[in-house]
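Report on the structure given below.
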Amino acid sequence: MRKYVTVRRSPGMAIQRPATLPRGNYITPEGAAALRAELDELWRRKRPEVTRAVAEAAAQGDRSENAEYIYGKKQLREIDRRIRFLRKRLEVLRVVSEPPADRSRIYFGAWTELVDAQGQTRRFRLVGPDEGDRAANYLSLDAPLARSLLGKRVDDEAVVETPEGVRRYTVARIDYETGQHGADPGLRSGKKKPGTGPGESQGKVAMASSTADEPN
């Protein structure tokens with residue numbers, strides 16, 4: 001699990017900044033848009049707002065005992081650090097916008113339903129490490145479960161070692177819809193679409209999944 005540093009933006013608001021750079025450079029279009037929106041918010045609105053507050057606090061006199069000035073400067077440093085991080089990440093991130101040719105396997109961007117040993121079903125989407133926190137059912141490629149799922153088909157078993165012991169999951173469904181709608185009904189039973197054999201090219205998504213384990 002990645003460690004995060006919390007950056008307070010204003011009362012009741014905070015920035016969750018990774019303490020270290022994520023290993024994967026793949027991201028969904030929605031995830032990339034969210035990072036760009038955050039960068040724009042910080043640069044165009046939040047930073048000027050904090051800069052003005054620091055200037056006003058500095059005008060009040062002795063800065064060494066001015067709590068508002070000290071806090072504002074700290075905020076500004078954290079905002080600048082986050083801006084640098086976002087700019088650096090957006091330069092290297094590869095947006096994966098197309099599904100693979102073989103949609104019967106789990107690759108980057110796939111939605112999948114898993115059944116555990118107790119018969120409980122959970123739905124996840126495999127996404128990049130920069131967007132794993134955007135939704136409760138988003139699963140970062142850095143996560144052990146995501147790694148164990150890559151390349152799996154319906155009815156395949158994924159085995160994950162956790163601090164509580166080994167856990168096993170059966171793949172019940174795979175689709176590449178961005179919403180909650182189902183995709184090809186044949187994927188429930190493991191049937192493949194014609195022309196999507198394992199020897200065919202998997203396109204951008206397959207390339208992403210095959211190199212997801214490599215550190216930057």
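The values are calculated or read from the model by the stated rules, or taken from the named source; none is laboratory data. Keep in mind that this is a model prediction, so the values were computed, not measured. Reconstructed Cβ throughout: ideal geometry from the backbone, glycine too, with neighbour counts over all protein chains shown.
Structure summary
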| item | result |
| --- | --- |
| Residue in segment 109-122 that is polar (S, T, N, Q) and in contact with a Lys or Arg (Cβ under 8 Å, 6 or more places away or on another chain) present | yes |
| Residue pairs meeting the criteria (Cβ under 8 Å; at least 6 apart or on separate chains; first touching a residue at least 12 places away in the same chain (Cβ under 8 Å), in segment 85-100; second of a type in the set (Asp, Glu)) | Leu86/Glu38; Arg89/Asp130; Leu93/Asp130 |
| Only listed residue being modelled with pLDDT under 95, within 30 Å of Glu38 (Cβ to Cβ) and among the β-branched types (Val, Ile, Thr), chosen from Thr178, Thr162, Thr196, Thr112 | Thr178 |
| Segment 43-64 residues that are within 20 Å of Phe85 (Cβ to Cβ), paired with ones that are at pLDDT 95 or above and surrounded by 14 or more Cβ atoms within 10 Å (Cβ to Cβ) (beta carbon under 7 Å, 6 or more apart) | Trp43/Ile83; Lys46/Ile79; Arg47/Ile79; Val50/Gln75; Val50/Leu76; Val50/Ile79; Thr51/Leu76 |
| Only one of Arg122, Arg134, Arg105 that is farther than 22 Å from Arg36 by Cβ, among the basic types (Lys, Arg) and in contact (Cβ under 8 Å) with a residue 24 or more places away in the chain | Arg105 |
| Checking Asp155 against (1) modelled with pLDDT under 80; (2) exposed (fewer than 13 other Cβ atoms within 10 Å of the Cβ), the condition it does not meet | (1) |
| Given (1) surrounded by 15 or more Cβ atoms within 10 Å (Cβ to Cβ); (2) charged (D, E, K, R); (3) over 15 Å from Asn25 (Cα atoms); (4) not assigned by TED's automatic domain parsing to the domain that holds Gly24, index of the condition Glu161 fails | (1) |
